[in-house]
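Just below is one structure, and these are the notes that go with it.
The values are calculated or read from the model by the stated rules, or taken from the named source; none is laboratory data. Source: prediction; values computed, not measured. Reconstructed Cβ throughout: ideal geometry from the backbone, glycine too, with neighbour counts over all protein chains shown.
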Amino acid sequence: MPEANKDRIGLQFDDLRLQLMAAIEWKGLKQAQLISFVIDTGSPESFISQAEVEKLQIPTKNRPVEGEIDVGGSRFKKIDIQKITLHLLKEGSSAMLSLSTKLSALKTTKTSEHKKSIAHTLPSILGLDFLMTHNLSLHVFPKEKIAYLQTEE
Amino acid sequence: MNSLDANVSIVQLLRNGQNDLSWFSDNSDKFKNEYDGKFVAFHNKQIIDTDANFDSLLNKLRKDNVDTSSVFIKFISKVKMLL
């Protein structure tokens with residue numbers, strides 16, 4: 001049972017990776033769209049993958065480049081996208097936790113088709129920065145395949 | 001759509017998404033045998049289309065007027081990826 005005044009957001013196991021299902025919205029978007037993130041406490045940063053940026057058609061044109069980052073052995077530009085809202089489903093209810101947040105979009109620096117193809121295999125990631133910013137704790141019980149985020153006061 | 005309807009709609013979208021992800025995960029071994037090295041688009045517990053190239057798959061979905069807002073595209077490989 002969740003502690004009083006704390007909400008739980010269920011995570012799903014996918015091939016021993018923790019996945020968070022979210023609905024994403026940004027200014028100008030007609031309806032929320034689905035996006036899944038890997039929760040990766042080994043990552044100090046959070047970002048939306050190139051594949052998701054292209055699938056969701058998140059506007060990146062004329063947006064500032066924040067720098068570069070290596071992910072999965074490949075180098076990407078980090079693009080500053082407009083503020084987004086992530087809606088997360090609270091466990092055991094029909095209520096949502098809606099978080100206004102800033103994430104970077106990734107764009108590969110490679111030009112070969114093979115390297116671009118590899119870039120498309122990378123998932124979107126929520127790292128430790130996201131958990132800290134939004135005051136979320138992570139709870140994992142691998143044997144029971146139970147995992148969730150919990151809001152902290 | 002008013003605010004309440006919009007919220008109900010998003011909750012349903014999320015539930016459907018979780019169901020789809022569970023289904024995908026439950027069938028991952030089978031999919032690895034069938035679609036190794038391919039990008040797979042799925043929705044409502046069905047594979048919609050596949051392609052070895054992400055851009056080609058996305059183009060096919062859009063050409064078929066598939067609403068990609070609730071479609072998942074995942075890369076399937078027998079080789080594990082470490083981030």
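Taken over the range B:16-54, the criterion of being within 10 Å of the chain's Cα centre (by Cα), within 25 Å of A:His114 (Cα to Cα) and within 10 Å of chain A (Cβ to nearest Cβ) is satisfied by B:Phe39, B:Ala41. Of note, B:Ile48 does not satisfy the criterion of being surrounded by 12 or more Cβ atoms within 10 Å (Cβ to Cβ) and either closer than 30 Å to A:Asp70 by Cβ or among the hydroxyl-bearing types (Ser, Thr, Tyr) (or both).
Here's the yes/no breakdown for (1) of a type outside the set (A, V, I, L, M, F, W, C); (2) under 12 Å from A:Leu86 (Cβ atoms):
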position: A:Leu11; (1), (2): no, no
position: A:Leu18; (1), (2): no, no
position: A:Met21; (1), (2): no, yes
position: A:Glu25; (1), (2): yes, yes
position: A:Gly28; (1), (2): yes, no
position: A:Ile39; (1), (2): no, no
position: A:Gln50; (1), (2): yes, no
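So which residues in the range B:69-83 are touching a residue at least 12 places away in the same chain (Cβ under 8 Å) and within 10 Å of chain A (Cβ to nearest Cβ), if there are any at all? Result: B:Ser70, B:Val71, B:Phe72, B:Ile73, B:Lys74, B:Phe75, B:Ile76, B:Ser77. Reported count of residues in the range A:3-48, each being outside any strand (DSSP E or B) and modelled with pLDDT of 90 or more, is 10. Screening A:Ser100 on (1) loosely packed, with under 14 Cβ neighbours inside 10 Å; (2) within 14 Å of chain B (Cβ to nearest Cβ) shows it passes everything except condition (2). Set side by side, the residues B:Leu4, B:Leu57 differ, and just one is more than 7 Å from chain A (Cβ to nearest Cβ), assigned to a helix (DSSP H, G or I) and under 12 Å from the mean Cα position of the chain (by Cα), which is B:Leu57. Contact map, the range A:27-40: first residue at positive phi and more than 9 Å from chain B (Cβ to nearest Cβ), second residue modelled with pLDDT under 95 and surrounded by fewer than 23 Cβ atoms within 10 Å (Cβ to Cβ), Cβ cut-off under 8 Å, separation 6 or more or different chains; pairs are A:Gly28/A:Pro59.
Scanning the range B:1-35 for residues that are surrounded by fewer than 15 Cβ atoms within 10 Å (Cβ to Cβ), within 21 Å of A:His87 (Cβ to Cβ) and hydroxyl-bearing (Ser, Thr, Tyr) yields B:Ser3, B:Ser9. Quick check on the range A:63-75. Is at least one of its residues more than 12 Å from chain B (Cβ to nearest Cβ), of a type in the set (A, V, I, L, M) and assigned to a loop (DSSP other than H, G, I, E, B)? No.
Taken over the range A:57-70, the criterion of being surrounded by fewer than 20 Cβ atoms within 10 Å (Cβ to Cβ) and either aliphatic (A, V, I, L, M) or at pLDDT 95 or above (or both) is satisfied by A:Val65, A:Ile69.
Screening A:Val71 against (1) in contact with a strand residue (DSSP E or B) (Cβ under 6 Å, 6 or more places away or on another chain); (2) closer than 19 Å to B:Phe54 by Cβ; (3) of a type outside the set (Asp, Glu); (4) without any contact (Cβ under 8 Å) to a residue 60 or more places away in the chain leaves a single unmet condition, (1).
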